[in-house]
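Read the structure below first, then the notes.
The values are calculated or read from the model by the stated rules, or taken from the named source; none is laboratory data. On a predicted model such as this, the values are computed, not experimentally measured, just so you know. Cβ placement follows ideal geometry from the backbone for every residue including glycine, while neighbour counts extend to all protein chains displayed. In case anyone asks, the SASA skips ligands and DNA or RNA and just uses the protein heavy atoms, side chains included. Shrake-Rupley method; radii C 1.70, N 1.55, O 1.52, S 1.80 Å.
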Amino acid sequence: MSTELLQQIITMGAALMLLISFALLSQKRMLSLLHWFALQGIVLAAVTALVGYTSDNTELYVSAAITLLLKGMLLPWVLWKIIRQMHVHREVEPLVNMPVTMLIAAALVVFSYQVTLPIEHLSHLITRNTIAVAMANVLLGMLMMITRKKAITQVVGFLAIENSLFFAGVGATYGMPLVAELGVAFDVLIASVVFGLFFYQIRDTFESLDLNKMEK
Amino acid sequence: MTILLVNIAQILLMVLAAPMAAGIVKKMKARMQNRQGAGIFQPYRDLSKLFGKEMVLADHASWIFRAAPYIIFTSTVLAASVVPVIVVDSPFSWTADVIALAGFLAIGTFFTALAGMDIGTVFGGMGASREMTFAALAEPALLMSIFVLSVTAQSTNLSVMIHHILDAGILLKPSIAFALIAMLMVSIVENGRIPVDNPGTHLEVTMIHEAMLLEYSGRHLALIEWATQIKLVLFATLIFDLFFPWGISTAVATSALLIALGLWVFKLMLFFVLLVIMETALAKMRLFEVPQFLSTAFFLALLGMFMHYILEVGAQ
């Protein structure tokens, strides 16, 4: 496979990541939100494997496999279990209405492009263009955490940020060392378990997962 | 001189073949639903019947109502004359760019809405208000998706854009993929096809486009229906020009022109098959979901624009 074609495929993957971030922001239902989140994990795994292929880095294949299993399958499934068990309202409740959120999101993309422009000039990797996209994805994940009422959607936002940081690592430096990768993956797994426990605690104490109720 | 003749021929081709295209879509749809369906030449018979029929005009109809069909038909044909069908660099394509093209289409939409309101019926006003709500959202999405291509080619002229795409060859560009999806979504809305509007129904709660035409009869109705048929072919051709121009003739030579014609018909058929499958498989969406559908199209086109600047310009 030629380098140019690989670059185009990785660029396509970056574009898909950004598209998925926008899709995550615009979803109205919990289930479709989780579908898109799972898709993000799968695309991330595919991009990681491709970058591993381009850079002859076998460690990235391991990262890709972990990503696929953990972020593409396990975490969405766990979150869906929690939603089912806790009888959470199946609709996402945004604080700001959708069109405004999307406009803010568009502004964030422009902002992150502007900010990462100098970094791109320093790098010589074929994946350097993806840094701006990864940065935008991180900001979009944060936006999602800020603008949602429910604890679960905020957790999805958090996990999306983690995905984007991973993507930034792969794009900027061809991935972190495998030890760090494994550590992060394990942390995320533990975090999701802790989040699950938190959900139960929040619901038991406040009888709702709506975080506004905690202020009263 | 010959290129001018070819240009005129391709405009006539688009205008005269449009009713047949509509007939083919109807026939395909009927077959897909296990019906026999009318022949593909039925729209010509309908049009000639309507042209021959007496017109019934409401007492309250003003000059706008009487002038609107001619304006709609002329603006659609003008828009069709700008779009290259089988030959690039046609003289007419240099007279107007894509922004003017969107303008021609907007004039048609505007006068359809005016005519709907002019007569003062409830349905006309309702249809006009719906059409305008969607048009206001569809126009930016249409222009934004075309602009993605314009920025790549650094021109808003269709012939220059086609040349640029032909020179660049087949590239896996996310910006163009996003623009294509946005463009397809907009063309569904602009042409009033399922899942946004149903061209085959006269059920008052659901119709958008048809609601404005309820008072028309005779040759007025014929002109508007013909314009609607041309618009469908026009949008399809525009999508081919912008995204799949391969095969279009760059020089006036008989063999190249024939190949271009054949490929155009082939692409058109493929487009119709997809359209028919979509129309058969999908249910009409709720009216209030259409603005969201259109804003999705707009954001896809906007993302395409971002992708162009972030991922593609930097790579060169």
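Comparing B:S145, B:S48, B:S81 in a Gaussian network model of chain B (Cα springs below 10 Å), the most mobile by mean-square fluctuation is B:S48. Going from the isolated chain to the complete set of protein chains, the stretch A:96-118 loses at least 40 Å² of heavy-atom accessible area (1.4 Å probe) at A:Y113. Computed extension gain for A:L74 through A:V194, at 0.36 nm per residue and net of the alpha carbon distance, reaches 41.7 nm.
Contact-buried residues of the stretch A:1-34, at a threshold of 50 Å² lost accessible area versus the chain by itself: A:Q8, A:T11, A:M12, A:A15, A:L19 (1.4 Å probe; DNA, RNA and ligands ignored). Take every Cα pair under 8 Å whose residues are at least 6 apart in sequence, average their separation, divide by the length of chain A, and the relative contact order is 24 percent. Legend: mean number of C-beta atoms from other chains within 10 angstrom of residue C-beta atoms, peptide A:131-143, equals 1. Give me the base-10 log of I(q)/I(0) for the stretch B:1-54 at each q in 0.22, 0.25, 0.31 Å⁻¹, Debye formula, one uniform scatterer per Cα, rounded to two decimals. For the requested q values the scattering log ratios are -0.81, -0.89, -1.05. At what distance in angstrom do the alpha carbon centres of the stretch A:60-132 and the stretch B:216-250 lie from each other? Cα centroid of the stretch A:60-132 versus Cα centroid of the stretch B:216-250: 40 Å apart. The 3J(HN,Hα) values that the Karplus relation (6.51, -1.76, 1.60; θ = phi - 60°) gives for the stretch B:78-85 are, in residue order, 4, 4, 5, 6, 6, 7, x, 9 Hz. Gly and Pro appear as x.
Considering only alpha-carbon pairs that sit under 8 angstrom and 6 or more positions apart, the relative contact order computed for the stretch B:2-313 is 29 percent. Working from label points 7 Å from Cα in the Cα-to-Cβ sense, the A:Q85 to A:A180 distance is 3.4 nm.
Give the A-B buried accessible area in Å², both sides summed, 1.4 Å probe, nearest 100. What A and B bury together is about 1800 Å².
The long axis of helix B:122-153 is offset from the longest Cα principal axis of chain B by roughly 10 degrees.
Rounded to the nearest whole Hz, the Karplus-based 3J(HN,Hα) values (6.51 cos²θ - 1.76 cosθ + 1.60, θ = phi - 60°) of the stretch B:194-201 follow the sequence 4, x, 8, 9, 10, x, x, 10, with x at glycine and proline. Other protein chain C-beta atoms within 10 Å of residue C-beta, averaged over B:298-311: 6.
For B:K284 and A:M145, FRET efficiency with R0 = 35 Å and r from the beta-carbon atoms, rounded to 0.05? Once rounded, the FRET efficiency stands at 0.45. Taking a Cβ cut-off of under 13 Å around B:P195, the surrounding Lys, Arg, Asp and Glu residues balance to a net charge of 0, with basic ones at +1 and acidic ones at -1.
Dividing the convex hull volume of the alpha carbon atoms of the protein assembly as shown by its residue count gives 179 Å³ per residue. Peptides B:227-236, B:38-47, B:243-252, ordered by how many other C-beta atoms sit within 10 Å of their residues on average, highest first, read B:227-236, B:243-252, B:38-47. As a ratio to 2.2 N^0.38 Å, the alpha-carbon radius of gyration computed for the stretch A:95-195 takes the value 1.18.
Ligands, DNA and RNA left out, the accessible area of the protein assembly as shown computed with a 1.4 Å probe is 69% carbon and sulfur. Modelled label positions at B:H202 and A:E4, each set 7 Å beyond Cα in the direction of Cβ, lie 5.8 nm from each other. Projecting label points 7 angstrom from Cα along Cα→Cβ for B:L4 and B:Q154 puts them 3.2 nm apart. Per-residue ellipticity at 222 nm computed for the protein assembly as shown from its helices equals -25000 deg cm²/dmol, with DSSP H segments shorter than 4 residues left out and the rest contributing -39,500 (n - 2.57). Ordered from longest to shortest, the equivalent ellipsoid semi-axes for chain B are 31, 23, 19 Å, each the square root of 5 times a Cα gyration tensor eigenvalue.
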